[in-house]
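Note sheet for the following structure.
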Amino acid sequence: MKSTYILGAMAVAGLAASAASAATLDDVKAAGTIKCGVSTGLAGFSNPDAAGKWEGFDVSVCRALAAAVLGDAEKVTYVPTTGKTRFTALASGEVDILARNTTWTFSRDTDLGFDFVGVNYYDGQGFMVPKSLGVSSAKELDGATVCIQTGTTTELNLADFFRANNMTYEPVPIETNAEAQQKYLANACDAYTTDASGLAATRATFETPADHIILPEIISKEPLGPVVRHGDNQWGDVAMWTLNALIAAEEYGVTKANVDDMKANSNNPEVRRLLGVEGDLGAMIGLDSEFAYRAIKSEGNYGEIFDAFLGPNTAIGLERGLNAQWTQGGLLYAPPFR
Amino acid sequence: MTVTSGPPAAEGFRLSQLIYDTRYRSTTIQVVALFAFMLGVGWLISNAAQNLAALGKDFNFSFLWNTAGYDVNQRLLEYSSQSTHGRAAVLGILNTLVLAVVGCATATVLGVLAGVARLSKNWIVAKLMSVYVEAFRNVPLLIWIIIVVAVVNESLPAPRDFRDVETGAIVLTNRGAYFPEPLFSRGLGDVDLGLFKVSLDFLAVVALLVGGFYASGRIGRAADAKQAATGVRPNVLWFRLSAVLLPLIAFLVATGFHLGYPELKGFNFAGGTYVRDSFLGLWIALSLYTGAFIAESVRAGILAVSKGQTEAAFALGIRPSQTMNLVILPQALRVIVPPLISQYLNLTKNTSLAIAVGYMDATGTLGGITLNQTGREMETLLLLMGFYLVISLTISFVMNLYNERIKLRER
Amino acid sequence: MSETHAETAFARKAPVAFVADGQIPASPPPSTAVGPVKWVKDNLFPGPVNTILTLASLAFVALLAYEILPWLIDSSWAPADMSLRGCRAEASGACFAVINERFYQFIFGFYPPEHYWRPTLAFIVVVVSLWPVLFPSAPRKLLILSALSPFICYWLIWGGSIWGPVAVLAAPAVGWLIAAKGGGAITKIVGEDFGPLATIVAAVAGVAIWLLFFLGPVTGALISIAPLALEEVASNRLGGFMLSLIIGLVGIVGSLPLGIALALGRQSKLLIVKAISVGFIETMRGVPLITLLFVASTLLNYFMPPGSNFDLILRVCIMVTLFASAYMAEVIRGGIAALPKGQYEAADAMGLTYWQSMRFIILPQALKISIPNIVSSFIGLFKDTTLVIVIGLLDPLGLSSAIRADQAWNGIVWELYGFIALFFFIFCYGMSRYSQYLERKLRTDHR
């Protein structure tokens, strides 16, 4: 008997706490926290530290959003999701935004009923092999055993790649990066395939990273970005323009350190609008004018976030590559703030 | 329960009798229960329909005929990434069944050995078996599976270590075990059964074996009859053997039977047939885990046969081996078999943990990649649960039949 | 008297040189037939087959020790650089520094460290409240604590105002009030025939109305008067062994009433009730827990009224409870079936109704002899909680992969699995020993 009551109590408490409705922004403001779907652990993108605090590149998107909407980057509830549960978690309102290296594809955007609010990392699927294998191109992998991380577009890309090149292979689908890595190191696979960023992150942790090479072929386009539910355009706009604010901030040289100074002294009208000194852009998406200022103040601009978690000075050591500003030959291009 | 108080005296039927009259009460309760049940189910279904509509999803199984787009490594049917989701699901189901069947077989062997060894007078053997049983019973299976697969990967040599090494017929690598495969140089070809192709050679071998054993059985029974009639048993062993073997050998020679041995080619072994490391690891882990539980039932079963039975059998002058076969085992089996079959059931359900190590069973294909790619949780999970349910109910049914047969006839 | 006779005969003859005046002390048995040597001979080398077995076993143990011991001994617990790299620099063996650093995370998940006392206290409450249930000798008054403990634990772990659980706890009181005080009035209105039934319906409706409509406002009012609250801790901060224990305990406690109902339903002579019970039990037992967890994580929300959405941990608890209740039903059915038929006949002979005989005769005995099996199902359920990793909850195994996503610990394998396995082993082995003890104890009671 007694347990029925507690379940009842919990159900009532749960029902009271969260009901997914169309206006996510209002819900978020009312709840005072953003429910952010992250991966259960992917080096550099999201993982909990010893104190249980989540950190990483994807996590920073959520933190910036919380700073923009709620004024406090700590007001995020992290919901770890797996490849299987992430979309249902978003669809059912269990999370407000999915910041979980999710590839923007046609069917996810349309059929599954989601909206991608932009791209925070341009990735592509690559291969890593041990140097001793003597392979220098993915085209030489005919007959190889390939470890794959499941639950992503990875296995489809791989099947397409080998079919297009008339090669055979043995797929070894693995749920988590850690397990896949262990199999790869034990030579139970010849090659390991996942997003190139993941490969670099994995390789960085090997005892002898120099013994492994990442093959030059990138076999897919993997634009990774935050996802929200389709149909809630206001919330989508908030997420999209917070992300754009981080990208624009880098373009205009606004950093965590100088944001106050820029806000007070900058003469660049674009910067002034971005930081809410001029115009009232924030009100157009249901926030105050300083939303971008708070996001940058709390997390830094895109480049700073990149350098903190993925850049050359971290253990992962990724170059900017495609993820450089358009002015630097990359793909990052924030639409004008006006 | 059935208190018959006679017909109520000339009062006619009152509504309250539905509740207070034991003749009607059970009907009332049943009707109410049925209503409540239907109401509950209806509520759930209507909620689901509303929620699906709100998300713009429909409920249909047409995705099963769409291209799957992913590859599967352990295949019992023809399958490529261009096959359908439905075919991938069938493939997964077959993989589940194979794992379950071989797992049950080895778990039984292990369990019986360990159960007997635990009762051994040999101190160290008994203790080792106790450690084995307790270690496997008290640590979650998932952890064992991950550990065993990791051990397989770490301890066995990689295929490339066999370069310039003479390999035998069976090669154990950390990517799986490779065996010689049967080949027919003048084979009969395949027959296409729609869903999959079956080798006619294989069917012929099976047919010859079945026929051979049937003939051998007939010969044996004829000998029995003769022995019963005359008291002398004719020696028919050679007839029986040749009834089974001769046609088979003739067929194999005629079709040019030979073995294809695995050879290291490129990255992997080619030729021969193989099982993947994930299959090996799962097989070992499931057998060890379930074996530990079976060992306990076997031990309990043997201990349950009272010592007086053995002593009585000895007193009657029955030999020890016969005592075991005719007295102890039949009684112990009655205790052992029901928990044994429920362990088979558990093992079958536990094969779903294959998802943790990348063996593509039904949970891995239908409930895994297919679910992820199509986003049809409701349909895939219903199919998946339906599949497991059918398997479990079949096993339960067999168990009940067996229990009926061996039930002590009480007089 | 022949002895004395013989003595006198002796005395009369020549004097003798030696007369034994006591027994000769027994000489020690040969060294091969006693002590450790005999033990070794009897227990290790009784025959050729056993000798081979013994040697093989010894070789196996030696091999294991040779493989594992150096790794264990040359381990690193607290290198200067708390990372795998630091460990490798310091020692060639195991890197237990990861356990050292993340120990509390393994126990409590991401629970705020300043509040660790709350789950600890909740655990103590659970242990104390289980005491009277498992040990018949414990003071009976503790049963009140047992009844209250779910509410106490809920409040301790999730925090928030105390008035929420209190208001829920008040629900049965409301029902009782309606039944006791309003019974007479209701009977007057609907007439004698339907009085008791209507009272029950009214009480149930009262409870439902209380839960649905008054719970929120009353709780709110009480909070505004006296906010007796602990800091709220969100579900997503639960993890580690605490999460496993919560799911396991909620599952087993919640499955008791459901399991009893299902067991009675399955034994029932009412066809439809029986069919529903059997259908439910067989369905739940026929599918793997993993698919039910998928249902909890992806489908359960679909079956709830549109717009409602509740916590993943709660959904998992619901599914696990349903799953466990099917097994519990079978365990209790076994207990009921084990009772001698005379008990039923005696109850019938006393003129007890079905419910009376169940409540006073059958269930108390059946539950008592089922306790060892209930403990075993709890062990099974507790082990099965590791499966929640597949739906992204951070149980110990889930945490281990999250920890390995940390750059500092990427590449660690055996230390984490070994630690988790050891923890589960200690817990489950302890419980299984206890259940064996109970079984022995209960068996003597009955013979």
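Go through C:GLY411, C:GLY398 for me and flag whichever is farther than 21 Å from B:GLU134 by Cα, within 8 Å of chain A (Cβ to nearest Cβ) and part of a helix (DSSP H, G or I).
C:GLY398 is the lone residue from the list that is farther than 21 Å from B:GLU134 by Cα, within 8 Å of chain A (Cβ to nearest Cβ) and part of a helix (DSSP H, G or I).
Name the single residue, out of those in region A:294-324 being of a type in the set (A, V, I, L, M) and over 16 Å from A:LEU42 (Cβ atoms), that is modelled with the lowest pLDDT.
Filtering first and then ranking leaves A:LEU322.
Any residue that is of a type outside the set (A, V, I, L, M, F, W, C), within 28 Å of A:GLY198 (Cβ to Cβ) and in contact with a His (Cβ under 9 Å, 6 or more places away or on another chain) - is there at least one of those in region A:224-239?
Within region A:224-239, one or more residues are of a type outside the set (A, V, I, L, M, F, W, C), within 28 Å of A:GLY198 (Cβ to Cβ) and in contact with a His (Cβ under 9 Å, 6 or more places away or on another chain).
Could you check region C:56-79 and list, in sequence order, the residues that are more than 13 Å from chain B (Cβ to nearest Cβ) and either of a type in the set (D, E, K, R) or assigned to a loop (DSSP other than H, G, I, E, B) (or both)?
Scanning region C:56-79 gives C:ASP74, C:SER75, C:TRP77, C:ALA78, C:PRO79.
For region C:232-278, name all the residues that are closer than 30 Å to C:TYR417 by Cα and in a loop (DSSP other than H, G, I, E, B).
Matches in region C:232-278: C:VAL233, C:ALA234, C:LEU238, C:GLY239.
So which strands (runs of 3 or more DSSP E) stay within region B:167-269 end to end and still have 1 or more residues that are of a type outside the set (Ser, Thr, Tyr) and more than 30 Å from B:VAL152 (Cβ to Cβ)?
B:181-184, B:190-192, B:197-199, B:257-260
Got at least one residue in region B:311-324 being of a type in the set (Ser, Thr, Tyr) and either crowded, with 17+ Cβ neighbours inside 10 Å or in contact with a strand residue (DSSP E or B) (Cβ under 8 Å, 6 or more places away or on another chain) (or both)?
Yes - at least one qualifying residue is present in region B:311-324.
Go through (1) surrounded by 17 or more Cβ atoms within 10 Å (Cβ to Cβ); (2) within 30 Å of B:TYR359 (Cβ to Cβ) for B:ALA223 and report which single condition fails.
(2)
Inside region C:30-55, can you point out the residues that are within 12 Å of chain B (Cβ to nearest Cβ), surrounded by 11 or more Cβ atoms within 10 Å (Cβ to Cβ) and in a helix (DSSP H, G or I)?
C:TRP39, C:VAL40, C:LYS41, C:ASP42, C:ASN43, C:ASN50, C:THR51, C:ILE52, C:LEU53, C:THR54, C:LEU55
Test B:GLN50 against the stated conditions and say whether it is within 14 Å of chain A (Cβ to nearest Cβ), among the polar types (S, T, N, Q), free of Cβ contacts under 8 Å to residues at least 40 places away in the same chain and part of a helix (DSSP H, G or I).
Yes, satisfied.
Of everything in region A:52-103, what is of a type in the set (Gly, Ala, Ser), crowded, with 24+ Cβ neighbours inside 10 Å and touching a Pro at 6+ places or on another chain (Cβ under 9 Å)? Give them in sequence order.
Residue satisfying the conditions is A:ALA99 alone.
One line per residue, one yes/no per condition, for (1) assigned to a helix (DSSP H, G or I); (2) of a type in the set (Lys, Arg):
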{"site": "C:TRP355", "(1), (2)": "yes, no"}
{"site": "C:ARG359", "(1), (2)": "yes, yes"}
{"site": "C:PHE382", "(1), (2)": "yes, no"}
{"site": "C:LEU394", "(1), (2)": "no, no"}
{"site": "C:TYR437", "(1), (2)": "yes, no"}
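Is it fair to say C:VAL207 is of a type outside the set (Gly, Ala, Ser), more than 14 Å from chain B (Cβ to nearest Cβ), touching a Gly at 6+ places or on another chain (Cβ under 9 Å) and closer than 30 Å to C:PHE427 by Cβ?
So C:VAL207 fails the test.
Among the residues of region B:33-48, how many are under 36 Å from the mean Cα position of the chain (by Cα) and among the aliphatic types (A, V, I, L, M)?
6
Between C:LEU289, C:LEU264, C:LEU299, C:LEU271, which is more than 14 Å from chain A (Cβ to nearest Cβ), without any contact (Cβ under 8 Å) to a residue 60 or more places away in the chain and either in contact with a helix residue (DSSP H, G or I) (Cβ under 8 Å, 6 or more places away or on another chain) or surrounded by fewer than 19 Cβ atoms within 10 Å (Cβ to Cβ) (or both)?
Result of the check over C:LEU289, C:LEU264, C:LEU299, C:LEU271: C:LEU271.
Mind counting the residues in region C:302-316 that are surrounded by fewer than 23 Cβ atoms within 10 Å (Cβ to Cβ), at the interface with chain A (Cβ under 7 Å from one of its Cβ atoms) and not aliphatic (A, V, I, L, M)?
Final tally of qualifying residues: 4.
Counting just the residues of region C:87-100 that are touching a residue at least 60 places away in the same chain (Cβ under 8 Å) and assigned to a helix (DSSP H, G or I), which one comes out surrounded by the fewest Cβ atoms within 10 Å (Cβ to Cβ)?
Across region C:87-100, the extreme among qualifying residues is C:ILE99.
Name, by its number, the condition in (1) modelled with pLDDT of 85 or more; (2) over 14 Å from B:ALA100 (Cβ atoms); (3) buried (at least 24 other Cβ atoms within 10 Å of the Cβ); (4) within 11 Å of chain C (Cβ to nearest Cβ) that does not hold for B:MET360.
(4)
Please tell me if B:ILE318 is within 24 Å of B:SER120 (Cα to Cα), among the β-branched types (Val, Ile, Thr) and touching a residue at least 40 places away in the same chain (Cβ under 8 Å).
no
Run down A:LEU15, A:LEU7 and say which single residue is at pLDDT below 85, assigned to a helix (DSSP H, G or I) and closer than 24 Å to C:ILE389 by Cα.
Just one listed residue meets the conditions, A:LEU7.
Being within 16 Å of A:SER220 (Cβ to Cβ) and free of Cβ contacts under 8 Å to residues at least 40 places away in the same chain is the filter here, so list the residues in region A:129-159 that pass it.
A:GLU155, A:LEU156, A:ALA159
If you take the residues of region B:136-158 that are touching a residue at least 40 places away in the same chain (Cβ under 8 Å) and away from chain A (no Cβ under 14 Å), which of them is farthest from B:GLU296 (Cα to Cα)?
Once the filter is applied, the top-ranked residue is B:TRP144.
The values are calculated or read from the model by the stated rules, or taken from the named source; none is laboratory data. Because the structure is a prediction, the values reported are computed rather than measured. So basically every Cβ, Gly included, is an ideal-geometry build from the backbone, and we count neighbours across all protein chains shown.
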